[in-house]
Amino acid sequence: MTLIAILIGTLTAGIGSVWLAALLSFGVLARYTQHMLSLAAGALLATAFMHLLPEAFESQVGPQALFATLLAGLVFFFLLDKAELWHHGHEHGSDHDPAHAHHGHDHSSTQSGGWAVLAGDSVHAFGDGILIASAFMADLRLGVVASLAVLVHEVPHHMGDLVVLRQTSDSRRAALIKVSMAGAVTALGGMIGYALVDQLLDYLPFFLIVASSSFIYVALADLIPQLQKRVSSAQTAAQIAWLLIGIALVTVVSILAHQH
């Protein structure tokens, strides 16, 4: 019975949050593509700095080990980025043409950013699954509350993910499927958490840190450089406003989730 409840809770939180995010970003906000880049950068940075990192540092693990993991994560996602860019450039023969490489930056850099986001999402979702499983094992009602808190909290973050993936995919459906598959890892985390909850809880801070490193890397290496083009002062103000909205959305939802 507990395992069934964990599966329902993790799938609802993991995939439900992606579909809710898609309804918003592909429906209501679809026409504001450029603004959504700023919102995505703000949401990813806030998810890392206001939610995942504080949670990791609340654990008994020493800060030096956590910062070392963060550094290793950033280097890993840089290498993942390089591998993807090399593969992309090799396929299209654009490595040796600096002008082509420059103009192709938006497509190729976000292509690799998409991989980093999916990897980080999967690690993050796995950690969420463990948290939901441990909540259900403590108390059924606590598990329901934890599932709802994860669902609500992940919506603004997944809106950011979908913007990144939408740039790398030819269709909205492909972006939605990829992020949904990463969200479904929550159920895997829930099942493994159910079986090994005591052992895995010790490693949870490291999952949180690795997920953080991917979101920080994608925001700073892929999204923000795209916003640094020379634009009018009104467009710059709009970029800053949407960046702050992304940060505020995640921060407010995170605070509300922690109160319950």
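So here's what we get for this one:
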| quantity | calculated |
| --- | --- |
| Out of LEU223, LEU208, LEU204, LEU244, sole residue that is surrounded by 18 or more Cβ atoms within 10 Å (Cβ to Cβ) and closer than 14 Å to HIS35 by Cβ | LEU223 |
| Cβ pairs under 7 Å, 6+ apart, first in region 133-146 and surrounded by 14 or more Cβ atoms within 10 Å (Cβ to Cβ), second among the polar types (S, T, N, Q) and in a helix (DSSP H, G or I) | PHE136/THR2; MET137/THR2 |
| Scan of region 121-151 for residues that are of a type in the set (Ser, Thr, Tyr) and touching a Gly at 6+ places or on another chain (Cβ under 7 Å), ordered by number | SER134, SER147 |
| Per-region count, region 73-88, residues free of Cβ contacts under 8 Å to residues at least 60 places away in the same chain and not β-branched (Val, Ile, Thr) | 9 |
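Results for (1) surrounded by fewer than 20 Cβ atoms within 10 Å (Cβ to Cβ); (2) at pLDDT 90 or above; (3) part of a helix (DSSP H, G or I), shown as yes or no for each residue.
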{"residue": "VAL18", "(1), (2), (3)": "no, yes, yes"}
{"residue": "LEU23", "(1), (2), (3)": "yes, no, yes"}
{"residue": "ALA30", "(1), (2), (3)": "yes, no, no"}
{"residue": "LEU37", "(1), (2), (3)": "no, no, yes"}
{"residue": "THR69", "(1), (2), (3)": "no, yes, yes"}
{"residue": "PHE76", "(1), (2), (3)": "yes, no, yes"}
{"residue": "HIS88", "(1), (2), (3)": "yes, no, yes"}
{"residue": "ASP95", "(1), (2), (3)": "yes, no, no"}
{"residue": "HIS100", "(1), (2), (3)": "yes, no, yes"}
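The values are calculated or read from the model by the stated rules, or taken from the named source; none is laboratory data. Just so you know, these numbers come straight off a predicted model, no measurement behind them. So basically every Cβ, Gly included, is an ideal-geometry build from the backbone, and we count neighbours across all protein chains shown.
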